[in-house]
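Accompanying notes for the structure given below.
The values are calculated or read from the model by the stated rules, or taken from the named source; none is laboratory data. Everything numeric here is computed off the predicted structure, so don't read it as measured data. Positions of Cβ are backbone-derived with ideal geometry, glycine not excepted, and every protein chain shown enters the neighbour counts.
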Amino acid sequence: MELQNLFGIFSFTWQTAVMLIIAGILIYLAIARDVEPVLLLPIGAGIILANIPLAGLTEANGILGLLRKAGIETELFPLLIFIGVGAMIDFGPVLARPSLVLLGAAAQFGIFGTFLLVYMIGDGWLHLMPFTLKQAASIGVIGSADGPTSIYVSSLLAPELLGPIVVAAYSYMALVPIIQPPIMRLLTTKKERNIRMSSKAGEVSKRTKILFPIVTIIVVGLVAPMATPLIGFLMFGNLLRESGVVARLASTAENELVNIVTILLGLTIGGMMPGSEFLKPQTIMIFVMGIVAFALDTATGVIFGKIMCLVSKGKVNPLIGAAGISAFPMAARVAQKVGLKENPHNHLLMQAAGANTAGQIASVVAGGAILALLL
Amino acid sequence: MIQALYITLIGMLIVFACLGVVMLVMLIIGKIFRAKNPESETK
């Protein structure tokens, strides 16, 4: 056997070095800065494993290759995570104030606006980078501010870009408290930020909470069939929670299931980032467009909040529009924090949580709509 | 580029239509069951 094939050190390239540094940064961010540690730590470890020369982990029969085939190419991992996400979310705040659903819908413009921009830069007009329609849509879906949706849509439309898209999506979700507040302040007046919303909300019966996931599956499934797997698994998890008769299953879904799948998903995503595939100019553009997507989401959410403020004659604080992005529950906390900064007695958390949970559903529907229009 | 604009327009339309219908259905269900269920919880 030749020496080059025996020792990995002889196959060590500059790409390997850069990827090991990137893995180190992700692991550092996870451990030292507490940036999405649950996912960035396994991704960092996965990148190291994938970039050890000659180890063969990412080959078709290597463990990372097998995980990719079993969990990503079949869309299994993101869907299983959605069961857990559904079991974690209390849709009570949005059910108590159904009009907040519209804020969730409006904030999805970040997905479509970014899609337009990327396609314009790519094959659509300027030809600065070779982004096809499907790739542009996958990058736009970073704006769903929802990891599983980004993974699900990208794995179907542009699996070759999955690695950078997922890292960008999760990184920016962790940066929501930094990205959102300046945009929120820029688009609102002091008077608007001071609007105190009524803390009184309608009553939500247990039956309504149980019917909500069932009705949502049927309605979304009929209007946007491609969103059925995502919304179906999300709402199934929520049904486990709200039914009140399978506490053990609900607990397993939101704890053990999510934890196990997150470990496997993180390692697999890291395993999809060998230097030769990750280190391309497109990756930089994906990261730039990711932040554009989050900014557009926030801006359109706040602008729609202003419209609702106008229509309701000043009863809606536009800040809660920013929580219409799906990053749950961080976006709701950001709205609350910005509101409190303006007026220490202005608590917006429940209203913002309503917009935030609506954003969760809306991002899934937007993902499904993109799949329906492009597949 | 026209196709991209079409996808954007129809995509946003689907999102609003879907969530609008969900909102309406939930409003109706909420009204029906609020009156009939005495064990309702306040949010």
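Here A:84, A:71, A:92 are screened, and the one residue that is farther than 30 Å from residue A:51 by Cβ and surrounded by 20 or more Cβ atoms within 10 Å (Cβ to Cβ) is A:92. If I filter region A:290-309 for residues that are within 25 Å of residue A:51 (Cβ to Cβ) and not hydroxyl-bearing (Ser, Thr, Tyr), do I get at least one hit? Yes: region A:290-309 contains one or more residues that are within 25 Å of residue A:51 (Cβ to Cβ) and not hydroxyl-bearing (Ser, Thr, Tyr). Can you tell me which residue is nearest to the chain's Cα centre (by Cα) among those in region A:258-302 that are free of Cβ contacts under 8 Å to residues at least 12 places away in the same chain and closer than 18 Å to residue A:161 by Cα? Filtering region A:258-302 for residues that are free of Cβ contacts under 8 Å to residues at least 12 places away in the same chain and closer than 18 Å to residue A:161 by Cα, the one nearest to the chain's Cα centre (by Cα) comes out as A:288.
Can you tell me which of (1) more than 23 Å from residue A:152 (Cα to Cα); (2) more than 10 Å from chain B (Cβ to nearest Cβ); (3) crowded, with 21+ Cβ neighbours inside 10 Å is the one residue A:243 doesn't meet? Against the list (1) more than 23 Å from residue A:152 (Cα to Cα); (2) more than 10 Å from chain B (Cβ to nearest Cβ); (3) crowded, with 21+ Cβ neighbours inside 10 Å, residue A:243 comes up short only on (3). Does residue A:184 qualify as being surrounded by 19 or more Cβ atoms within 10 Å (Cβ to Cβ), outside any helix (DSSP H, G or I) and touching a helix residue (DSSP H, G or I) at 6+ places or on another chain (Cβ under 9 Å)? Criteria not met by residue A:184. Restricting the search to helices (runs of 4 or more DSSP H) fully inside region A:64-179 and requiring at least 2 residues that are within 14 Å of chain B (Cβ to nearest Cβ) and touching a Phe, Trp or Tyr at 6+ places or on another chain (Cβ under 8 Å) gives A:101-106, A:109-119, A:133-140.
Filtering region A:166-206 to residues that are touching a residue at least 12 places away in the same chain (Cβ under 8 Å) and among the hydroxyl-bearing types (Ser, Thr, Tyr) leaves A:170, A:171, A:172, A:188, A:198, A:199. If you filter region B:9-22 down to residues that are within 7 Å of chain A (Cβ to nearest Cβ) and surrounded by fewer than 21 Cβ atoms within 10 Å (Cβ to Cβ), you find that the one that is nearest to residue A:209 (Cα to Cα) is B:21. Within region A:298-318, the set of residues being among the β-branched types (Val, Ile, Thr) and assigned to a helix (DSSP H, G or I) comprises A:298, A:300, A:302, A:303, A:307, A:311. Residues in region A:39-63 that are modelled with pLDDT of 90 or more and either under 26 Å from residue A:367 (Cβ atoms) or assigned to a helix (DSSP H, G or I) (or both): A:41, A:42, A:43, A:44, A:45, A:46, A:47, A:48, A:49, A:50, A:63. Of everything in region A:322-342 that is within 14 Å of chain B (Cβ to nearest Cβ) and not hydrophobic (A, V, I, L, M, F, W, C), the residue that is surrounded by the most Cβ atoms within 10 Å (Cβ to Cβ) is A:324.
Looking across region A:104-159 at every residue that is surrounded by 24 or more Cβ atoms within 10 Å (Cβ to Cβ) and aromatic (Phe, Trp, Tyr), the one that is farthest from residue A:94 (Cα to Cα) is identified as A:131.
When both residues are 6+ apart or on different chains and their Cβ atoms are under 8 Å apart, which pairs have a first residue that lies in region A:343-354 and is away from chain B (no Cβ under 14 Å), and a second that is assigned to a loop (DSSP other than H, G, I, E, B) and surrounded by fewer than 18 Cβ atoms within 10 Å (Cβ to Cβ)? Close Cβ pairs satisfying both conditions: A:343/A:194; A:343/A:196; A:345/A:196; A:346/A:194; A:346/A:196; A:347/A:199. When residue A:32 is tested against (1) surrounded by 15 or more Cβ atoms within 10 Å (Cβ to Cβ); (2) under 24 Å from the mean Cα position of the chain (by Cα), exactly one condition is not met: (1).
Test residue A:169 against the criterion of being surrounded by 23 or more Cβ atoms within 10 Å (Cβ to Cβ), within 20 Å of the chain's Cα centre (by Cα), modelled with pLDDT under 95 and closer than 21 Å to residue A:323 by Cα, and give yes or no. Yes. Looking across region A:19-33, the residues that are β-branched (Val, Ile, Thr) and either outside any helix (DSSP H, G or I) or within 17 Å of residue A:271 (Cβ to Cβ) (or both) come down to A:22, A:27.
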